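What follows is one structure encoded as structure tokens, with my remarks underneath.
The values are calculated or read from the model by the stated rules, or taken from the named source; none is laboratory data. Since this is a predicted model, take the numbers as computed values, not measurements. Every residue, glycine as well, gets a Cβ built from its backbone with ideal geometry; the counts of neighbours run over all protein chains shown.
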Amino acid sequence: MVPDLLPLVKKQLLLQTKQGYTPVVVVSAVKNITDTIISYLKMLATKKTKATVENFIIELKDKHLQLFGEESIQNADKIFSLLQSDLETFAHNPTIELEAKITAYGEKLSATCSAAYFSDKKIKATAVFAEKIPLLTDNVIKDADILYSESEKKFASYINDMTALPVIAGFTGRTKAGITTLLGRGGTDTTACFAGAALRAQKVILWKDVGAVYSADPKLVLEAHTIPYLSYEEIEEAGKIIQGKAVQYLRQNKIQAEIASLKNSKDRTLVIEGKKSKPGTKMVSFKKNLTLFSLHQGEARGYQRLLEISDLCARYKVEVILIWNDPAYLHVAVEDTSGLLNQLNKEIEKKLPQMTITGVHMITTVGSFSWKDVNKFNEVLYHFDKKALMGACPYPQSMRMEGLIKDNHDITKLLRIMHKKFIKK
């Protein structure tokens, strides 16, 4: 939720209503608010802040005031008061449950202020919170999965009975015991896709400040262009565009989605059934500065060590990106998502001294590929780096090809080469 897009959202809602549609809105927190709350919680828990809770609330109010205006902010006074009370409790007794509850206030404030902002003579809007519906999840506090079968009918009934336009706070749910949960990275998209599936919506529109999906990062590849269509499988393989568990809700009820720009109606990508999506390479991307753990099968059976490596990665909250197990080697590529990679490396060196640790970059293409495409990918990869550590594997109906090169190479240069070789103008 950013300032220059808010009036455009209201304009779209008025247009959709005029055309006879019944929109349902799911909102994220105001830009940077969630990070601000999380940062303050860390300082509260460690007693490393001089900012009082009262002053922090004033800071949050000011940021929302700048976006929504004074009249909309007045509707959120009760939410700010509840947030202040929870922060004061957290300062004395920090728990993971209360941390999640407080983090969720970003979306609640956004929904409350947005509903007031959208309301006028033509639209009456009201904020909706997951706890009230309820939108039930499992008990994983910070990365919960929605209990679809138990939430679908309750959600649909609740929303269909509303006379006002629902403005739903995304990213949050609750357990059966009433504990607030978070849906993880991209959780607002997950809420939106769940809502679309539960309501059997004609379309789920994911408005992004960056617009549609591009064939590559346009800041790095001048020839990058908007991708008109992606299948559910392709968008899932692309990662980070729509959260994987959000895509499953679209797929199971064949709900069409649109990733679009509010500023340019032509800048959009449709997410559709695979059979309607054309074959070929759709996009090229990369991940920099990964770490590759490699174990020669002659030194120890790789699959016997995989559980140990996975457990260590989970303990240090380092994300496993790729696992490759062949007769010669076990390879595990990881991304430092917690800042604890150095500690993980030291423990692996101690417990698994036969493990080789290498800094790598990963190049990825997403689309619908044939074996001919896989061979071409590997030829380009090994022409760029004859000592490339890993290439794509030829398997039927693959949606993703990946290659690993050492981190002393220019991955941006390889990105441009792959885009030129694989992406049609």
(request) Can you tell me which residue among Leu295, Leu270 is more than 22 Å from the chain's Cα centre (by Cα), at pLDDT 85 or above and among the hydrophobic types (A, V, I, L, M, F, W, C)? (result) Leu295
(message) Checking the structure you have, find out if any residue of the range 2-22 is modelled with pLDDT under 95, under 30 Å from Phe90 (Cα atoms) and within 21 Å of the chain's Cα centre (by Cα).
(response) yes
(request) Name the single residue, out of those in the range 184-233 being closer than 27 Å to Ile146 by Cβ and of a type in the set (S, T, N, Q), that is surrounded by the fewest Cβ atoms within 10 Å (Cβ to Cβ). (result) Gln202
(request) Could you tell me whether Tyr229 is farther than 30 Å from Lys142 by Cα, of a type in the set (Phe, Trp, Tyr) and outside the structural domain of Ala104 (by TED's automatic domain parsing)? (result) yes
(request) Might you check whether a residue that is part of a loop (DSSP other than H, G, I, E, B), assigned by TED's automatic domain parsing to the domain that holds Thr34 and closer than 26 Å to Tyr21 by Cβ occurs anywhere in the range 135-151? (result) yes
(request) Please determine, by comparing only the residues of the range 319-365 that are over 25 Å from Glu236 (Cα atoms) and of a type in the set (Val, Ile, Thr), which one is farthest from the chain's Cα centre (by Cα). (result) Thr356
(request) Evaluate the following for Thr191: is it more than 30 Å from Asn264 (Cβ to Cβ), in contact with a strand residue (DSSP E or B) (Cβ under 8 Å, 6 or more places away or on another chain) and either without any contact (Cβ under 8 Å) to a residue 40 or more places away in the chain or not aromatic (Phe, Trp, Tyr) (or both)? (result) no
(request) Among the residues of the range 1-36, count how many are basic (Lys, Arg) and touching a Ser or Thr at 6+ places or on another chain (Cβ under 7 Å). (result) 0
(message) For the range 62-88, give me each residue that is surrounded by 12 or more Cβ atoms within 10 Å (Cβ to Cβ), in contact with a Pro (Cβ under 8 Å, 6 or more places away or on another chain) and of a type in the set (S, T, N, Q).
(response) none
(message) I'd like to know if the range 234-252 contains one or more residues that are within 18 Å of the chain's Cα centre (by Cα), among the small types (Gly, Ala, Ser) and surrounded by fewer than 20 Cβ atoms within 10 Å (Cβ to Cβ).
(response) yes
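For every residue, the table says whether it meets (1) out of contact with any Phe, Trp or Tyr (no Cβ under 8 Å at 6 or more places or on another chain); (2) crowded, with 17+ Cβ neighbours inside 10 Å.
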{"residue": "Thr49", "(1), (2)": "no, yes"}
{"residue": "Ile57", "(1), (2)": "no, no"}
{"residue": "Leu60", "(1), (2)": "no, yes"}
{"residue": "Ala91", "(1), (2)": "yes, no"}
(message) Name the single residue that is surrounded by the most Cβ atoms within 10 Å (Cβ to Cβ) among those in the range 25-39 being among the hydroxyl-bearing types (Ser, Thr, Tyr) and touching a residue at least 24 places away in the same chain (Cβ under 8 Å).
(response) Ser28
(request) Please determine, by comparing only the residues of the range 153-188 that are of a type in the set (Ser, Thr, Tyr) and touching a residue at least 40 places away in the same chain (Cβ under 8 Å), which one is nearest to Thr17 (Cα to Cα). (result) Thr188
(message) If I ask for residues that are touching a residue at least 12 places away in the same chain (Cβ under 8 Å) and under 20 Å from Gly211 (Cβ atoms), which ones from the range 5-22 would you list?
(response) Leu5, Leu6, Leu8, Val9, Lys10, Gln12, Leu13
(request) Pick out the one residue from Gly339, Gly367, Gly359 that is surrounded by fewer than 18 Cβ atoms within 10 Å (Cβ to Cβ), touching an Asp or Glu at 6+ places or on another chain (Cβ under 7 Å) and not basic (Lys, Arg). (result) Gly359
(request) Being of a type in the set (S, T, N, Q) and without any contact (Cβ under 8 Å) to a residue 12 or more places away in the chain is the filter here, so list the residues in the range 75-118 that pass it. (result) Ser81, Ser85, Thr89, Asn93, Thr95
(request) Filter the range 166-190 for residues that are in a loop (DSSP other than H, G, I, E, B) and out of contact with any helix residue (DSSP H, G or I) (no Cβ under 9 Å at 6 or more places or on another chain) and give the result. (result) Thr175, Ala177, Gly178, Arg185
(request) Collect the residues in the range 371-425 that are in a strand (DSSP E or B) and modelled with pLDDT under 90, keeping them in residue-number order. (result) Met390, Arg400
(request) Take the range 13-24 and flag every residue that is of a type in the set (S, T, N, Q) and surrounded by 18 or more Cβ atoms within 10 Å (Cβ to Cβ). (result) none
(message) I'm told Val210 meets every condition in (1) at pLDDT below 95; (2) outside any loop (DSSP other than H, G, I, E, B) except one. Can you identify the failing condition by its number?
(response) (2)
